[in-house]
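Chemist: I'd like to ask some things about the structure below.
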Amino acid sequence: MSTAHNQASASGQLRVFTIRTLKRDELIDILALGWRDFTAAPLYGLFFGGIYGFGGLCILALVFYFNAPYIGYPMVAGFALIAPFVAAGIYEISRRLERNEPLAWSSIFGAVWHRG
């Protein structure tokens, strides 16, 4: 099932886009492809996942250290702003694996800084 929506672009022209509904089989395929990429390059996946884990622990430590739970919500909201940078790195890894290109930290970080 898909739904058509209209949106005006910056130039004033009307654009039509479609939102598709994902099926369970498609979600399973997506997860399988992600697992394939992770098993092919686990160090890169652990690094980018570790950014989130370490960042969350730092936020938690700061909240407890300053005994100020009210600062936790703004810090978590701000922490989500790094998601586009992490996603750019993960997408670059997946793209390189799909094209059988070599993985190197410099190329992954280069994609993060150029796309983020």
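Chemist: I need two numbers for the stretch 24-115: Rg to one decimal and Dmax as a whole number, Cα atoms only, in Å.
Modeler: Here Rg and the maximum Cα pair distance are 16.2, 50 Å.
Chemist: If you don't mind, there's one more thing I want to ask. Longest segment of the chain with no trypsin sites (Lys or Arg not before Pro) in a DSSP loop having at most 13 other Cβ atoms within 10 Å?
Modeler: Working: sites that count: K23, R99.
Counting only loop sites that pass the neighbour cut-off, the longest clear stretch is 24-98.
Chemist: Among N67, I19, F79, flag the residue with its Cα farthest along the positive direction of the charge dipole of the chain, charges on Cβ as +1 for Lys/Arg and -1 for Asp/Glu.
Modeler: Result: I19, furthest along the dipole toward the positive end.
Chemist: Where the only charges are on Cβ atoms (+1 Lys, Arg; -1 Asp, Glu), what is the dipole of the stretch 24-115 about its Cα centre, to the nearest 20 debye? Mind showing how you got there, number by number?
Modeler: Numbers: 6 positive and 7 negative charges, 39 e Å.
The calculation lands at about 180 debye.
Chemist: Could you give me the ³J(HN,Hα) list for the stretch 50-59, computed from phi with Karplus coefficients 6.51, -1.76, 1.60 and θ = phi - 60°, whole Hz, x at Gly and Pro?
Modeler: Ordered by residue, 3J(HN,Hα) equals x, 4, 5, x, 5, x, x, 5, 5, 4 Hz.
Chemist: Once amide H atoms are placed 1.01 Å from N in the peptide plane, what residues at a sequence separation of 5 or more from A41, or on another chain, have their amide H within under 5 Å of its amide H?
Modeler: Distant-sequence amide H within range of A41: zero hits.
Each value in this text was obtained by applying a stated rule to the coordinates, not by laboratory testing. Treat the numbers as computed from the prediction; the structure is a model and nothing was measured. No Cβ is skipped: glycine too gets one built from the backbone with ideal geometry, and neighbour counts run over all protein chains shown.
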